[in-house]
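Reading through the structure tokens given below for one structure.
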Amino acid sequence: MKLRKIFSFEFAYLAGRISTRLYLAVLLLFTLVMKLLVTPGDGVYTNNTFHITAMTVIGGLIWLVMGASIAGEAAARDVKMRMHPLIFTTPVTKFDYLAGRFSAAFLVNALLMLSLPLGVLLSFYLPGLNEGELLPFRSWAYVSVYFLMALPNAVIVTAFQFSFALLSRRVMPSYLVSLLLAVVAQVIALSAA
């Protein structure tokens, strides 16, 4: 009961922030602009699975900064506002409190990551943006990219960002974790190539 109340309060706070709405708009706009800038080669359909995946992965790198803001804010806001001594004087367990906060931050981050495949989908089917021939609509291409790539990344990255912000009681370490994860991902990609 308390976990659900903490979750709903935190989700309403994080989702209602103007910055969260701006993050959503930036991610959607990113996919639309990338559709205009990136053109596949001759004989390649613009809505192929590789293109959908690549746009989601590149957008995920941009999301790292946004996710750090959301997870770090959820973890360190009470310390920043100097009300953390009051929190544990109430009959709320530490697990309920932290699980509610983390769950809300994860759900907001998962919804932000959902905007990437949704934006790619919109970029192919909005009037005026489509320039080439398209493959038949395959919902599985968008759903699989979200559930196999974007959502697991959101879980892992939000957990790291939340943990580091919680342990340090500041938001900045969540940004540093994002930077470290981006660099490590690039190093792994280059070494695998």
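Quick look at the numbers
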item	result
Spacing of the two label points (7 Å from each Cα toward its C-beta) at Trp140 and Leu111, in nm	3.0 nm
The chain: DSSP helices with Cα axial extent of at least 27 Å and average Kyte-Doolittle hydropathy no lower than 1.6	18-37, 172-192
Rounded to the nearest 10 Å², the accessible area of Leu27 at probe 1.4 Å	0 Å²
Contour excess over end-to-end distance, with Cα ends at Leu179 and Phe50 and 0.36 nm allotted per residue	43.9 nm
Neighbour net charge for Phe11 - beta-carbon separation under 13 angstrom, K R +1, D E -1	+2
Total formal charge among the other residues, if their Cβ is under 13 angstrom from that of Leu121, Lys/Arg +1 and Asp/Glu -1	+2
FRET efficiency, 1/(1 + (r/R0)^6) with R0 30 Å, evaluated for Leu167 and Arg4 via beta carbons	0.75
Segment 89-193, accessible surface, carbon-and-sulfur percent (1.4 angstrom probe)	75 percent
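The values are calculated or read from the model by the stated rules, or taken from the named source; none is laboratory data. What you see is a predicted model, and the numbers here were worked out from it, not measured in a lab. FYI the Cβ positions are ideal-geometry reconstructions off the backbone, even for glycines, and counts take in every protein chain you see. The area values use the complete protein model at the heavy-atom level, side chains included, leaving out ligands, DNA and RNA. Shrake-Rupley method; radii C 1.70, N 1.55, O 1.52, S 1.80 Å.
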